[in-house]
Amino acid sequence: MLFTMGKVLYYVASSLDGFIATEDHNLDWLLAFGFEVFQDHYDKFIAGVGSLVMGSATYEWMGRQEPDSWPYGALPCQVLTSRTLQAPPAGSGVRFVSGDIGQICADAVRDAAGRNVWVVGGGDVAAQFAEAGLLDEMWVTYMPVALGAGRRLLPVSAPTAPMRLAGTTSFNGGAAELRFSFS
């Protein structure tokens, strides 16, 4: 049996001007588009995911949206935090972590068992992965809206190496996904 290694992917939606949320972490601008047109694409993406990594703001936002459930079931999920957060939902694969991003990534890859690791967000978490050379690909669905300010898509501290466009998908309603490879 051939064992294939999954990839570490930053999969995210962004405004055209490069923001993934407003300054106060609001996503109403994104939710206004609805998700019916994206559902099949997302279902194919999530079917290949074996573990997740997210920041504490993303975790808390999800808890406010779905306080009595967890959308990722028992998938292993590391939440990067240096503070005490509300306990994860029973039966979820959530655990709180801090420390070396390289070790966190290695643990996520191990947990994924050959499938992809999804760096859910936010941008600060993805930037840590990118700056450490740990992201394989970045999948950005650009929504046809500008926010003017907010939480940046990839707030790196220095320019990245050039990425290679690995693929595109257009959606009804004007959104377009661009997939970039870091290798």
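The values are calculated or read from the model by the stated rules, or taken from the named source; none is laboratory data. Because the structure is predicted, anything quoted here is derived from the model rather than measured. For neighbour counting, all protein chains shown are included, and Cβ atoms are generated from backbone atoms with ideal geometry for every residue, glycine included. Accessible surface is based on the protein model in full, side chains and every heavy atom, while ligands, DNA and RNA are left aside. Shrake-Rupley method; radii C 1.70, N 1.55, O 1.52, S 1.80 Å.
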Self-check item: Lone qualifier among G167, G133, G173 - being open to solvent by 50 Å² or more (accessible area, probe 1.4 Å) and modelled with pLDDT of 95 or more
Solution: G133
Quiz item: So which of M54, M62 is touching a residue at least 60 places away in the same chain (Cβ under 8 Å) and either open to solvent by 40 Å² or more (accessible area, probe 1.4 Å) or within 16 Å of G121 (Cα to Cα) (or both)?
Solution: M54
Quiz item: Just checking, which of R115, R95 is at negative phi, out of contact with any Cys (no Cβ under 8 Å at 6 or more places or on another chain) and charged (D, E, K, R)?
Solution: R115
Practice problem: Kindly list, by first and then second residue, each pair from a residue in segment 13-38 that is farther than 15 Å from R152 by Cα to a residue that is open to solvent by 80 Å² or more (accessible area, probe 1.4 Å), limited to pairs with Cβ atoms under 7 Å and residues at least 6 apart or on different chains. | Solution: V37/N172
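Got a number for residues in segment 149-182 being in a strand (DSSP E or B) and in contact (Cβ under 8 Å) with a residue 60 or more places away in the chain?
Total meeting the criteria: 4.
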